[in-house]
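Q: One structure follows; several queries about it will come next.
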Amino acid sequence: MSRGTGTGMPRRVDLIGIPLDLGAGRRGVDMGPSAFRLTGLTPRLEALGYEVRDRGDVPVPIPEMSNPGDPRKRYVAEIAAACRALADLTAETVTAGGVPVSLGGDHSLAAGSIAGVARALRRRGEELAVVWVDAHADMNTPESSPSGNVHGMPLAACLGHGPEELVAIGGGASVKPGNVALIGIRNLDEREKTLVGRSGVRACTMSEIDRRGVGPILDEILTALTRSAGGIHLSLDLDGLDPEIAPGVGTPERGGLTYREAHLLCEMVAASGRLVAMDVAELNPILDVRNHSAEVGAELILSALGQRIL
């Protein structure tokens, strides 16, 4: 497989828009893919030496044309259909030697993107690792969720829990708990704290980042993940960043990653040479300022794909 830009990663990138806002409690994230494209992401990736294919947007119905169904997992049938389509695209890209970058859209998309990447890696006898950057753990289930919003459940689904409609996309668990690092969490409800504590994932709170710093923590995490898995999927919720840096999100939480902490994280993932896929989720242009959060997200994509200061 051809390698590029000195990072050990494939030379081709597929951009996949998923204008999904059925899993969120606020409208607007369906416009996220368009906002990312407006940053000139494709030519900027090409300048790094990548062949870029924009696969367009996965078709997603709007809430006004859909039935929310079970209030414990609202719009789950429609979300699962979109995630199945996304899983097929990400699996196809990884199998063909490219890196799929999923542009969201609410974070429920990750149940599909990760399932597809895991499928492709299993075919070559490898396990997947996930670095999940988020203010929230996204590990609720229909039984524990106080809102029924599915964007609070995708990591649970990837681990084999959560809505069965999403778990089925991966044929069960897409990733083992020991291969998951949850970074930047700072707002969990009481029931979700228990779920995270029992899950077996490596959960790194903002308090730990404050005490120890992103660099040493990522050194430990990436060393462990590269031993156990063949590839790393970086799933980045923009609310993992401080809202002063990325205001255009539906669920902002103060005290998140700084601009440089987020870039260092992406740069270290790139330097590992193991990135196989990436999501950037929860961009809400309605709440943004002059497309600033989209620009930050685009810059982080570039860092994760090997853009360097020197």
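Quick note: the coordinates plus some simple rules give every number you see, no bench work behind them. All figures in this text were calculated on a predicted structure; none of them were measured in a lab. As a convention, Cβ positions derive from the backbone with ideal geometry for all residues, glycine included, and neighbour counts pool all protein chains shown.
Q: Being touching a residue at least 60 places away in the same chain (Cβ under 8 Å) and among the charged types (D, E, K, R) is the filter here, so list the residues in the range 256-307 that pass it.
A: Scanning the range 256-307 gives Arg274, Asp279, Glu282, Asp288, Glu295.
Q: Residues to consider are Ala262, Ala246, Ala181; find the one that is under 16 Å from the mean Cα position of the chain (by Cα) and part of a helix (DSSP H, G or I). Quick ask: steps written out before the conclusion?
A: Working: Ala246 fails: part of a helix (DSSP H, G or I); Ala181 fails: part of a helix (DSSP H, G or I).
Matching residue, one of Ala262, Ala246, Ala181: Ala262.
Q: Scanning the range 140-160 for residues that are more than 20 Å from Gly171 (Cα to Cα) and out of contact with any helix residue (DSSP H, G or I) (no Cβ under 7 Å at 6 or more places or on another chain), which turns out surrounded by the most Cβ atoms within 10 Å (Cβ to Cβ)?
A: Gly152
Q: Mind telling me which of the residues Thr223, Thr251, Thr194 ends up being polar (S, T, N, Q) and in contact (Cβ under 8 Å) with a residue 12 or more places away in the chain?
A: Working: Thr223 fails: in contact (Cβ under 8 Å) with a residue 12 or more places away in the chain; Thr194 fails: in contact (Cβ under 8 Å) with a residue 12 or more places away in the chain.
Sole residue among the options that is polar (S, T, N, Q) and in contact (Cβ under 8 Å) with a residue 12 or more places away in the chain: Thr251.
Q: Condition first: small (Gly, Ala, Ser) and in a helix (DSSP H, G or I). Now tell me which residues in the range 293-310 satisfy that.
A: Keep residues of the range 293-310 that are small (Gly, Ala, Ser), which gives 293-294, 297-298, 303-304, 306.
Hits for the range 293-310 are Ser293, Ala294, Gly297, Ala298, Ser303, Ala304.
Q: Right, next: Would you confirm whether any residue within the range 205-218 is in contact with a His (Cβ under 8 Å, 6 or more places away or on another chain) and not in a helix (DSSP H, G or I)?
A: From the range 205-218, those in contact with a His (Cβ under 8 Å, 6 or more places away or on another chain) are none; that's our starting set.
Looking for residues that are in contact with a His (Cβ under 8 Å, 6 or more places away or on another chain) and not in a helix (DSSP H, G or I), one finds none in the range 205-218, hence no.
Q: Suppose we filter Ala111, Ala137, Ala173, Ala115 for residues that are without any contact (Cβ under 8 Å) to a residue 24 or more places away in the chain, more than 22 Å from Asp219 (Cβ to Cβ) and within 17 Å of the chain's Cα centre (by Cα); which single one remains? Can you show your working first?
A: Numbers: Ala111 fails: without any contact (Cβ under 8 Å) to a residue 24 or more places away in the chain; Ala137 fails: without any contact (Cβ under 8 Å) to a residue 24 or more places away in the chain; Ala115 fails: without any contact (Cβ under 8 Å) to a residue 24 or more places away in the chain.
Exactly one of Ala111, Ala137, Ala173, Ala115 is without any contact (Cβ under 8 Å) to a residue 24 or more places away in the chain, more than 22 Å from Asp219 (Cβ to Cβ) and within 17 Å of the chain's Cα centre (by Cα), namely Ala173.
Q: So Ala81 passes all but one of these: (1) aliphatic (A, V, I, L, M); (2) touching a residue at least 60 places away in the same chain (Cβ under 8 Å); (3) in a helix (DSSP H, G or I). Which condition number does it fail?
A: Answer for Ala81: the failing condition is (2).
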